[in-house]
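The values are calculated or read from the model by the stated rules, or taken from the named source; none is laboratory data. Not measured: the values here are computed from a predicted model. Every residue, glycine as well, gets a Cβ built from its backbone with ideal geometry; the counts of neighbours run over all protein chains shown.
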Amino acid sequence: MKIFVTLGTQDKAFDRLIAEAKKIKGHDIFIQNGYTRCDGIDHLDYMDQDAFIKHIEEADIVITHGGVGSILSALKKHKKVIACARLKKYHEHTNDHQLEIVTKFKDEGYILALNEDDDINELIEKAIHFIPKEYIDHQSDFIQKLDDYISTL
């Protein structure tokens, strides 16, 4: 099973998620680690959008920080997503908005959440059998409605 782990481009380290990724057993793992130091696992600090999407497309499971962009990028490609929120108390972010984002997506049935007391390998096993709610992107509908409205002015 191919797993793509992305920590995003936040300028704060996310050592907790790297530590969890190092615990993963029996899977092919690639990490986009950003500012976080990453040794002993195949990784790349940063990549362009095309490479990022390619890694998502090739993955069976995407493990990500709690950023909306990364979560939606994986959901739009119909991937199983495990998200771990960056937390203020660990200086991983300036506030806990990612916790709110992850909780909302999890409660809606789109993703699984990796919390502090979870076992990453058990969560991956759960993800294998998890059937996420289908994400429907309404952006094109919104743009069309906005365009229609503007053309009436």
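Of the residues making up the range 37-56, those that are surrounded by fewer than 13 Cβ atoms within 10 Å (Cβ to Cβ) and of a type in the set (D, E, K, R) are 37, 39, 42, 48, 50.
Select, from 123, 99, 114, the only residue that is out of contact with any strand residue (DSSP E or B) (no Cβ under 8 Å at 6 or more places or on another chain), at pLDDT 95 or above and under 17 Å from residue 16 (Cα atoms). Just a single option satisfies the conditions, and that option is 99. When restricted to residues that are in contact with a helix residue (DSSP H, G or I) (Cβ under 7 Å, 6 or more places away or on another chain), of a type in the set (A, V, I, L, M, F, W, C) and surrounded by fewer than 22 Cβ atoms within 10 Å (Cβ to Cβ), the range 57-92 contains 2. The condition of being over 20 Å from residue 121 (Cα atoms) and at pLDDT 95 or above holds for only one of 14, 30, 52, that being 52. Taking residues in the range 28-50 that are closer than 19 Å to residue 61 by Cα and assigned to a loop (DSSP other than H, G, I, E, B), and partners anywhere that are among the charged types (D, E, K, R) and at pLDDT 95 or above, the pairs with Cβ atoms closer than 8 Å and at least 6 places apart or on different chains are 41/22. Quick check on residue 18: is it buried (at least 20 other Cβ atoms within 10 Å of the Cβ) and in contact with a Lys or Arg (Cβ under 8 Å, 6 or more places away or on another chain)? It is true that residue 18 is buried (at least 20 other Cβ atoms within 10 Å of the Cβ) and in contact with a Lys or Arg (Cβ under 8 Å, 6 or more places away or on another chain). Residue 141 falls short on exactly one of the conditions (1) surrounded by 10 or more Cβ atoms within 10 Å (Cβ to Cβ); (2) part of a helix (DSSP H, G or I); (3) of a type outside the set (S, T, N, Q); (4) at pLDDT 95 or above, and that condition is (4). What residue, among those in the range 1-11 that are modelled with pLDDT of 95 or more and among the β-branched types (Val, Ile, Thr), is farthest from the chain's Cα centre (by Cα)? Restricting to residues being modelled with pLDDT of 95 or more and among the β-branched types (Val, Ile, Thr), the top hit is 3.
Residues that are surrounded by 13 or more Cβ atoms within 10 Å (Cβ to Cβ) and part of a helix (DSSP H, G or I) within the range 105-122 comprise 105, 106, 120, 121, listed in sequence order.
Going residue by residue through the range 56-65, is there one that turns out to be assigned to a loop (DSSP other than H, G, I, E, B) and either aliphatic (A, V, I, L, M) or touching a residue at least 40 places away in the same chain (Cβ under 8 Å) (or both)?
So far as the range 56-65 goes, yes, one or more of its residues are assigned to a loop (DSSP other than H, G, I, E, B) and either aliphatic (A, V, I, L, M) or touching a residue at least 40 places away in the same chain (Cβ under 8 Å) (or both).
Each residue in the range 93-119 was checked for being in contact with a helix residue (DSSP H, G or I) (Cβ under 7 Å, 6 or more places away or on another chain) and small (Gly, Ala, Ser), and 1 of them qualify.
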